[in-house]
Amino acid sequence: MKLVKFRRPRGLARRHGSLRPAFGAILVAALGTAYVVPADAKPAIAQFGDPKYPSTFTHFDYADPNAPSNGELNFQNYSQSQSYDSLNPFIVRGLPAPDIQNLMFDTLMQRSWDELASEYPLIADDVEVAPDGRSATFHINPAARFSNGDPVTAADVKYSLDTLKSQKASPMLSSQFAVIKDATVIDRLTVRFDFSDPGRGSPLIAGDLPVFSPKWGLLPDGKRVPFDQIATQPPIASGPYLVESRKNDKGITYRRRDDYWAANLPSRRGMFRFKRITFRLYLDQYTKLEAFKAGNDDIDVEYSATQWARKYVGKNFDNGMLAKGWFVDGPAQMQGFMVNTRKDKFKDPRVRHALALAFDYDWMNRMMFYGQYERLNSFWQDSPFGATGMPNEKELALLEPFKKSLPPEVFGPMTQQPNTLAPNSLRGNLRQARELLAEAGWHYRDGALRDANGNPMTIEIMDDEPGFDRLLIPYCQALQTLGIDAHMREIDSALYQKRIDNFQFDLTTYIYPPVTIPGVELQRRFTSQAADQVGSENYPGIKSPAVDALVHAAINATTLDDLEAATRALDRVLINEYYVVPQYNMPHARIGYKTTLGFPKIVPDSYQYEDWVIDYWYRKPQGVQSVSLAAPAVTAATAQSAAH
């Protein structure tokens, strides 16, 4: 049973890159070309303060630059997908192949995994931000090459931006890059981005741009396949891997490029150490686990507390071939039941509050989770951007203009989710839920909870993961106690993706992946504009002037203090409007692995579990085995603290 799950939203730029030394004006020569970097250009940029790493750094702290570069990695289901039907990760249509965006598409710059928001060059080797913040000029590294041998040019960068902002790409991408008005080609290797908003994060958003070749989609006869119809044609890679083979929609193998030009750049050292990476997609987690235990696969990232506590045993654990490790995790991700407020029955916040009262987390954590999880009370839990205690003066200043339209709880101590710890009980919570439903016009009569017109309340909880019913059934039973006709519906992942893209659900579990620093993703997750955009992440359908204003304040914050005030105020509104029924968070990564695999001693401060394995783990020399981790590995932050 997958009691904590992660779905990677499509269309988000993966952030990997590199940094070369720069001191004032530097002459860069590569492949017969030369470029003079302006004295005010920078090899790295930070949204607040200065980048952590100097221009002379050789590798990120969390990378092992001496890791062997050989061997293969057999990986299991990535992003929980049971199948895929597209090689294009940038469109709404279809489900993309596992991790294809990370492995085949580089971005202009790389965000490090142990800072709030800093970027280091990859395809672009320098960036010059205008004094007024309304534009940023990027210079393309002359060595950058696509997998077909073509040099990466400024025109390719402009083509990538224009395509991703068009209707042919996922709305999540057009939202992500909406702050960029346009791109202007200055010369063959120089491109300028003009911003609609001179926010401090705008240049970093431009740096997140994935770059792809205009020749992707060209047919032998010269005709071009429309971008939103490119599905089975392998991409022309700007990243480190190519598609080597794909047997069917259940598996794919990537092969590392021999000609990958960025392999030895400082922030690439210690990355992408596997010569081949194969993904096998299993239909259920039980088969997946048994395949790992039999030694057929190298890695199993585990999201089930039950399986982790009881099933990671057997002869291959006893003989040392397999091990299980706990690894330090960063900020919590918001996982919860998305309540679709586009439906009339969910428009009243009292109804949504009642749904939250019916969720008995404490019983589940005790009886099913082996006490491994923690309750979520914030959209930014374990982060400086989450609200705690009473709102401060800056938060109140942002909230006051909307006081009449907001719940009074927004202006008090930060709301904690309902619990059933003594002296509280589920029965008591359900009594309170019944009162709230009655206030909202829902009363029990004739065997069902009905509105004033006699219509019964029905709730379908949609999911696509076998085993998740162990969580959904008790929740449905609690809702049924209130007279609600609540039931679950399990569908396959492709149909599930189509339905949530088009907001065709009552309730469904989704995860908002954590970010090191909130920014433009707030628009596609919470704003009124995104509520009606097919494929956006505003699954609850939030349309709130207060939320829109707070998102705007966060994106336009000029200081870290202002950003924290905006996100904390936003957190208070989102929690107290009950757009989501928060579930729980896993405070540590649980990874089963073959002991022939190695990993860096330092874990980054913020990372996706699968990303870390694929990008930074490696195959150890023959005869050398890793040791099982009984305790969490050290984080980059604690390592730096210890060094001082």
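The values are calculated or read from the model by the stated rules, or taken from the named source; none is laboratory data. Just so it is clear, the structure is predicted and the values come from calculations on it, not from any experiment. In this analysis, Cβ positions are derived from the backbone assuming ideal geometry, glycine residues included, and neighbour counts consider all displayed protein chains.
Against the test of being part of a loop (DSSP other than H, G, I, E, B) and not hydroxyl-bearing (Ser, Thr, Tyr), the options 203, 198 yield a single qualifying residue, 198. Considered as a group, the residues in the range 582-612 that are of a type in the set (Phe, Trp, Tyr) and within 21 Å of residue 333 (Cα to Cα) include one that is modelled with the lowest pLDDT, and that residue is 607. On inspection, residue 231 qualifies as more than 30 Å from residue 560 (Cβ to Cβ), under 25 Å from the mean Cα position of the chain (by Cα) and either surrounded by fewer than 19 Cβ atoms within 10 Å (Cβ to Cβ) or hydroxyl-bearing (Ser, Thr, Tyr) (or both).
Rundown of residues vs (1) in contact with a strand residue (DSSP E or B) (Cβ under 6 Å, 6 or more places away or on another chain); (2) aliphatic (A, V, I, L, M), yes/no style:
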position: 426; (1), (2): no, yes
position: 433; (1), (2): no, yes
position: 445; (1), (2): no, no
position: 488; (1), (2): yes, yes
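Residues of the range 158-172 that are modelled with pLDDT of 90 or more, under 22 Å from residue 532 (Cβ atoms) and surrounded by 21 or more Cβ atoms within 10 Å (Cβ to Cβ): 164, 169, 170.
Just one of the listed residues (553, 494) is in a helix (DSSP H, G or I), out of contact with any helix residue (DSSP H, G or I) (no Cβ under 6 Å at 6 or more places or on another chain) and surrounded by fewer than 21 Cβ atoms within 10 Å (Cβ to Cβ), namely 494. The set of residues in the range 402-426 that are farther than 10 Å from residue 360 by Cα, outside any loop (DSSP other than H, G, I, E, B) and not polar (S, T, N, Q) comprises 402, 403, 404, 408, 409, 410, 411.
Whenever a residue of the range 162-175 is in the same structural domain as residue 226 (by TED's automatic domain parsing) and of a type in the set (D, E, K, R), its partners that are part of a helix (DSSP H, G or I) and surrounded by fewer than 21 Cβ atoms within 10 Å (Cβ to Cβ), lying with C-beta atoms within less than 9 angstrom and at least six residues away or across chains, give the pairs 165/174; 168/227; 168/228; 168/229. Among the residues of this structure, residue 565 does not count as one that is outside any loop (DSSP other than H, G, I, E, B), modelled with pLDDT under 95 and surrounded by 22 or more Cβ atoms within 10 Å (Cβ to Cβ). For residue 581, the conditions (1) outside any strand (DSSP E or B); (2) in contact with a Gly (Cβ under 8 Å, 6 or more places away or on another chain) are fulfilled apart from (1). Do we have any residue at all in the range 268-275 that's in contact (Cβ under 8 Å) with a residue 60 or more places away in the chain, in contact with a helix residue (DSSP H, G or I) (Cβ under 6 Å, 6 or more places away or on another chain) and outside the structural domain of residue 56 (by TED's automatic domain parsing)? Scanning the range 268-275, I find at least one residue that is in contact (Cβ under 8 Å) with a residue 60 or more places away in the chain, in contact with a helix residue (DSSP H, G or I) (Cβ under 6 Å, 6 or more places away or on another chain) and outside the structural domain of residue 56 (by TED's automatic domain parsing), so the answer is yes.
Restricting attention to the range 234-257, the residues that are over 25 Å from the mean Cα position of the chain (by Cα) and modelled with pLDDT of 95 or more total 3. Of all the residues in the range 270-329, those that are of a type in the set (A, V, I, L, M), closer than 26 Å to residue 468 by Cβ and surrounded by fewer than 19 Cβ atoms within 10 Å (Cβ to Cβ) number 5. What's the total number of residues in the range 279-292 that are within 22 Å of the chain's Cα centre (by Cα) and either not assigned by TED's automatic domain parsing to the domain that holds residue 610 or not in a loop (DSSP other than H, G, I, E, B) (or both)? Counting residues in the range 279-292 that are within 22 Å of the chain's Cα centre (by Cα) and either not assigned by TED's automatic domain parsing to the domain that holds residue 610 or not in a loop (DSSP other than H, G, I, E, B) (or both) gives 3.
The rows are residues; the columns are (1) under 19 Å from the mean Cα position of the chain (by Cα); (2) modelled with pLDDT of 95 or more; (3) not assigned by TED's automatic domain parsing to the domain that holds residue 338.
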residue	(1), (2), (3)
475	no, yes, no
478	no, yes, no
482	no, yes, no
506	no, yes, no
514	yes, no, no
525	yes, yes, no
539	yes, yes, no
544	no, yes, no
553	no, yes, no
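Of the residues that sit in the range 94-123 and are aromatic (Phe, Trp, Tyr) and assigned to a loop (DSSP other than H, G, I, E, B), which one is modelled with the highest pLDDT? Of everything passing the filter in the range 94-123, 105 is modelled with the highest pLDDT.
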